[in-house]
Amino acid sequence: MKQSMTQEQRYQMMIHTPVSRLIPKLAVPTIISMLVTAVYNMADTFFVSQIGTSASGAVGIIASLMFMIQAIGFTFGMGSGNYISRALGDQNGEEAGKAAATAFFTVFIVGILMLVFGMMFMEPFVYLLGATPTIAPYAMDYMRYILYAAPFMLCSFVMNNILRSQGIALYAMFGIAAGGILNMVLDPILIFGFHMGIAGAAVATMISQMISFGILLCQCNLRKDSIKIQFSKFTPSLRMYGIIFHAGIPSLCRQGMMSISSVVLNLAAGPYGDAAIAAMSIVSRFMMFINSGLIGFGQGFQPVCGFNFGGKRYDRVLEAFWFCVKVATGAMTVLGVVSFGLAQPIITAFRRGDMEVIQIGTRALQLQLITMPIQGWIIMCNMMTQSIGYGFRASLVAMGRQGLFLIPALLVLPRLLGLFGVQMAQAAADVCTFFLATVIIAGILKDFKEKAKEMTVQM
């Protein structure tokens with residue numbers, strides 16, 4: 001891709017380039033960004049796990065807070081980003097600029113509020129998230145610095161999606177990758193070199209997020225081919241928030257439900273000890289790593305979907321969707337099979353010598369890996385419905401895996417099956433979500449196929 005491209009050139013690229021070339025070109029930077037983020041999340045878990053089982057459990061507790069931050073960031077980021085894609089597809093740059101500024105400055109204010117109230121009610125908050133008395137001190141040490149980083153994290157999520165929505169995800173990758181690599185370098189230095197313990201991991205995350213924020217802001221405002229984030233275009237109106245939320249609600253549902261289900265998971269695992277919380281935390285981080293590549297690929301599909309939907313190229317929307325489903329399903333099947341055979345070594349790498357954590361984690365990981373082949377279909381159905389502005393249907397799919405089905409499974413299955421119920425809850429939720437997504441997408445695909453035929457006849 002050219003280093004600098006006018007909006008008209010980018011429009012032509014998004015509307016006419018074959019999807020089999022265009023989507024991988026857009027997806028690779030996003031996949032790298034998502035993988036780097038997942039790797040440094042795993043690095044946090046890995047290094048903190050060397051401190052002890054309770055410290056490892058604390059990472060799982062604060063993961064719920066991180067999901068809350070992500071939920072807000074992705075809601076405004078993907079909500080504004082999807083609108084920006086459609087606005088640029090309709091060649092309306094002014095509206096795109098207003099959406100970008102409104103999302104950015106709103107989340108910065110929200111981040112400040114999270115910092116203030118989080119610091120005021122820190123101790124009761126970590127217990128609300130599912131901490132045990134032995135995990136709580138570690139969780140509070142970790143949480144303090146994550147709250148300091150919250151405004152920068154939120155803005156980074158928004159800027160990442162703003163850049164990606166314009167088809168220039170390569171620029172966003174630099175900011176995300178730089179922060180992620182710095183985090184991985186700082187983790188062992190601060191945790192062990194400066195003897196900061198679990199607080200060192202949180203400080204590393206805080207510093208890396210601030211660096212990412214600075215790089216992404218420069219990419220947005222200093223490049224000629226990007227929409228600028230300008231306070232003069234900050235438009236906090238009911239209309240603009242309505243537009244952002246309509247497209248962003250699926251992300252809020254998906255990430256928000258991840259936060260709630262993470263709390264429920266901690267509470268469900270709590271009766272089986274810190275080892276169960278630690279094991280499920282490790283499994284969650286590893287599964288996030290695998291799924292991050294899939295989500296990154298889907299995010300490469302989204303601007304193509306949004307642009308072509310805005311340009312009424314329904315044939316290309318369908319072509320792009322099926323291309324992504326085939327690639328994603330094949331990749332997830334291979335990864336699932338390979339990881340299934342390596343499940344025990346993977347868990348052992350995090351808590352070597354802790355047989356209870358290894359045993360609990362290995363079974364939970366294998367159960368989740370069984371459903372990997374259907375993840376491509378679920379994610380692409382969700383990405384498509386969200387990109388074309390079908391907010392309610394996208395929200396249902398988004399809520400299914402992490403909310404509608406997982407939370408009831410975590411509440412019911414442990415009562416019936418004990419610890420095994422905790423371990424298998426996610427797999428059960430995935431199967432149910434697959435059927436829900438199939439029912440929802442069937443009508444949309446039929447409608448688009450008919451519209452594509454009508455457009456062909458008119459041409």
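Please indicate, with yes or no, whether at least one residue in region 343-357 is closer than 30 Å to Leu26 by Cα and under 23 Å from the mean Cα position of the chain (by Cα). No, because not a single residue in region 343-357 is closer than 30 Å to Leu26 by Cα and under 23 Å from the mean Cα position of the chain (by Cα).
Residues in region 372-400 that are of a type in the set (A, V, I, L, M) and part of a helix (DSSP H, G or I): Met372, Ile374, Ile378, Ile379, Met380, Met383, Met384, Ala394, Leu396, Val397, Ala398, Met399. Val338 passes every criterion in (1) outside any helix (DSSP H, G or I); (2) modelled with pLDDT of 95 or more apart from (1). Answer yes or no as to whether Gln386 is out of contact with any Pro (no Cβ under 9 Å at 6 or more places or on another chain) and crowded, with 19+ Cβ neighbours inside 10 Å. Answer is no for this residue. Would region 284-292 turn up any residue that is closer than 30 Å to Tyr11 by Cβ, free of Cβ contacts under 8 Å to residues at least 24 places away in the same chain and part of a helix (DSSP H, G or I)? Looking for residues that are closer than 30 Å to Tyr11 by Cβ, free of Cβ contacts under 8 Å to residues at least 24 places away in the same chain and part of a helix (DSSP H, G or I), one finds none in region 284-292, hence no. Of Thr30, Thr75, Thr45, all but one fail to be in a helix (DSSP H, G or I) and either open to solvent by 20 Å² or more (accessible area, probe 1.4 Å) or at pLDDT 90 or above (or both); the exception is Thr75.
What about Gln209, is it open to solvent by 10 Å² or more (accessible area, probe 1.4 Å), over 26 Å from Ala63 (Cβ atoms) and modelled with pLDDT of 85 or more? So Gln209 does not fit the description; no.
Of all positions in region 256-264, at least one carries a residue that is of a type in the set (S, T, N, Q), crowded, with 24+ Cβ neighbours inside 10 Å and in contact (Cβ under 8 Å) with a residue 40 or more places away in the chain.
Whether a residue is of a type in the set (A, V, I, L, M, F, W, C), surrounded by fewer than 24 Cβ atoms within 10 Å (Cβ to Cβ) and assigned to a helix (DSSP H, G or I) was assessed, and Val327 passes this test. Looking at region 401-426, which of its residues are surrounded by 19 or more Cβ atoms within 10 Å (Cβ to Cβ) and part of a loop (DSSP other than H, G, I, E, B)? Hit for region 401-426 is Phe405, nothing else. A count restricted to region 180-217 and to residues that are without any contact (Cβ under 8 Å) to a residue 40 or more places away in the chain and under 14 Å from Phe152 (Cβ atoms) stands at 4. In region 78-99, the qualifying residues are those that are of a type outside the set (Phe, Trp, Tyr), within 15 Å of Pro303 (Cα to Cα) and under 21 Å from the mean Cα position of the chain (by Cα), and the one that is modelled with the highest pLDDT is Ser80. Is it the case that Lys449 is of a type in the set (Lys, Arg), in a helix (DSSP H, G or I) and closer than 17 Å to Val325 by Cα? Taking the combined requirement at face value, the residue satisfies it.
If only residues of region 300-324 that are open to solvent by less than 10 Å² (accessible area, probe 1.4 Å) and in contact with a Lys or Arg (Cβ under 6 Å, 6 or more places away or on another chain) are counted, the one that is modelled with the lowest pLDDT is Gly306.
The values are calculated or read from the model by the stated rules, or taken from the named source; none is laboratory data. Only a predicted model underlies this, so the values are computations on that prediction, with no experimental measurement involved. We place every Cβ from the backbone using ideal geometry, glycine too, and count neighbours over all the protein chains shown. Heads up: the accessible areas ignore ligands, DNA and RNA and are worked out on the full protein's heavy atoms, side chains in. Shrake-Rupley method; radii C 1.70, N 1.55, O 1.52, S 1.80 Å.
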